[in-house]
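Only one structure is covered here, and it is reproduced in the block below.
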Amino acid sequence: MDTLPTVGVEEEFLLVDPRTGAPVGKNVDVARTAADLGMDMQLEIMRCQVETSTRIHTNSTDLLRELRELRRGAAACAEKNDAVLLAVAVPPTHSDELLPVTSTPRYRRIAEDFGRLAQEQGLCGCHVHVAVPDRATALRVGNFLRPWLPSLLALTANSAIYHGDETGYASWRNILWRRWPSAGPPPHFDSVCEFDTAVESMLSLGVILDRKMVYWDVRPSVTFPTVEVRVSDVPATADEAALLATLVRAAVMIAQRGGGAPEVAEGTLHAAYWRAAHGGMDGPAVNPADGRIIPVRDLLAEFIALIEPALIELGDLAFVTDTFTELLARGNGAHRQLEAFRARGELTDVIDELAEATLFNCR
């Protein structure tokens, strides 16, 4: 039997004022508190964001346990600095001021070169890393996953409320994020040389400052021997983050063993992205195989069936089935945000819902 690939997860979180729900630039203070407690926490481009990273895991049980522990610990560090930690992909409340950029040389340069695009960030995603033997394998995995990236986006959509009102989208983060010239689905790559040529072209054209700014939704990691899947909003709950990671891990296994994926035209793929960002789990989806409109739940069920042999080998089929069923019953983050907001039209209800979901099953 092949060695099962390891998996790790990075989650980005928003820090908000406990009284107003507005983003607060306290990531340096929160990270310092975390360090004092022996917890590793990273700074993101905006001072209202922090990131946690799990260790490398070999099973979903331990991964889920650590995701819950990290959320609980990060929330406690935020509370010690008069802030609330939210697993939400865009700031729900409106601010008349541009969010402050974290003062590191790289982030300052990004802000200088990309202007308001960088200064309007505050977007929180989730990045799943799965071990692969080499970059060529990572690119094959990317080719396999391309048609399914919109489905993973719909599953995790968690940014329906932005600047105090409904956006009309389940993942407004995805709409904003794709303004970056290097964001979105990657091209289909037939070789590492082809990938390197594309990256060198972006560097020479000045649309990225370094290789870390290759923001494609699936890519060979710049830092680790992994394929990195970064299409999703930060999921509302730790359980949903573990579900995402488990699906991605199983998909990597199927791709490595020669599993096929439907060919998808660029126009069809971009239409599928828009549908996923617009409707999330509550709207229709574009079937990547034939371009037909079908319920997103049916499309995700097809994806799970495709990777089921790997889920069985991992011992994770029951976890995926149960967690996916629970998500369908409760709705994902975007669905629950809208439910909270539409009940009374109060942003405080949205903040309360987000805070509760962030620590769901974590206490």
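Brief remarks on what is shown
- Unmet requirement for Gly168, which otherwise passes all of (1) free of Cβ contacts under 8 Å to residues at least 24 places away in the same chain; (2) surrounded by fewer than 14 Cβ atoms within 10 Å (Cβ to Cβ): (1)
- Residue tally, condition under 22 Å from the mean Cα position of the chain (by Cα), of a type in the set (D, E, K, R) and not in a helix (DSSP H, G or I), over the stretch 342-363: 0
- Residues within the stretch 72-111 that are more than 19 Å from Pro18 (Cα to Cα) and out of contact with any strand residue (DSSP E or B) (no Cβ under 6 Å at 6 or more places or on another chain), tallied: 9
- For Ala285, the conditions (1) surrounded by fewer than 19 Cβ atoms within 10 Å (Cβ to Cβ); (2) more than 30 Å from Cys362 (Cα to Cα); (3) among the aliphatic types (A, V, I, L, M) are fulfilled apart from (1).
- Boolean, Leu37 is among the hydrophobic types (A, V, I, L, M, F, W, C), under 20 Å from Ala241 (Cβ atoms) and either surrounded by fewer than 19 Cβ atoms within 10 Å (Cβ to Cβ) or modelled with pLDDT of 95 or more (or both): no
- The set of residues in the stretch 245-254 that are crowded, with 24+ Cβ neighbours inside 10 Å, of a type in the set (A, V, I, L, M) and either within 16 Å of the chain's Cα centre (by Cα) or more than 11 Å from Val7 (Cα to Cα) (or both) comprises Ala245, Leu247, Val248, Ala251.
- Apart from one condition, Ile293 fits all of (1) touching a helix residue (DSSP H, G or I) at 6+ places or on another chain (Cβ under 6 Å); (2) surrounded by fewer than 19 Cβ atoms within 10 Å (Cβ to Cβ); (3) free of Cβ contacts under 8 Å to residues at least 24 places away in the same chain; the exception is (1).
- In the stretch 53-79, residue surrounded by the most Cβ atoms within 10 Å (Cβ to Cβ) [restricted to those that are under 21 Å from Glu353 (Cα atoms) and not hydrophobic (A, V, I, L, M, F, W, C)]: Arg71
- Only one of Leu63, Leu70, Leu86 that is aliphatic (A, V, I, L, M), touching a His at 6+ places or on another chain (Cβ under 6 Å) and at pLDDT 95 or above: Leu63
- Ala340 out of contact with any strand residue (DSSP E or B) (no Cβ under 7 Å at 6 or more places or on another chain) and either aliphatic (A, V, I, L, M) or buried (at least 19 other Cβ atoms within 10 Å of the Cβ) (or both): yes
- Considering Ala329, Ala355, Ala310, Ala318, the condition of being under 24 Å from Arg19 (Cα atoms) and either surrounded by fewer than 20 Cβ atoms within 10 Å (Cβ to Cβ) or at pLDDT 95 or above (or both) is satisfied by Ala355 alone.
- A search for C-beta distances below 9 Å between a residue of the stretch 95-119 that is surrounded by 11 or more Cβ atoms within 10 Å (Cβ to Cβ) and any residue that is hydroxyl-bearing (Ser, Thr, Tyr) and at pLDDT 85 or above, counting only pairs 6+ apart in sequence or on different chains, returns Val101/Tyr107; Arg108/Thr102; Ala118/Tyr107.
- Taken over the stretch 51-69, the criterion of being more than 19 Å from Gly125 (Cβ to Cβ), touching a residue at least 24 places away in the same chain (Cβ under 8 Å) and of a type in the set (Asp, Glu) is satisfied by Glu69 alone.
- Checking Pro235, Pro295, Pro284, Pro220 one by one, the residue that is at pLDDT 95 or above and within 20 Å of Pro5 (Cβ to Cβ) is Pro220 and no other.
- Flag for Arg47 being touching a helix residue (DSSP H, G or I) at 6+ places or on another chain (Cβ under 6 Å) and either over 20 Å from Thr237 (Cα atoms) or modelled with pLDDT of 95 or more (or both): yes
The values are calculated or read from the model by the stated rules, or taken from the named source; none is laboratory data. Nothing here was measured: the structure is a model prediction, and the numbers come from that model. When we count neighbours, we look across all protein chains shown, and the Cβ atoms used for this are built from the backbone with ideal geometry, even at glycine.
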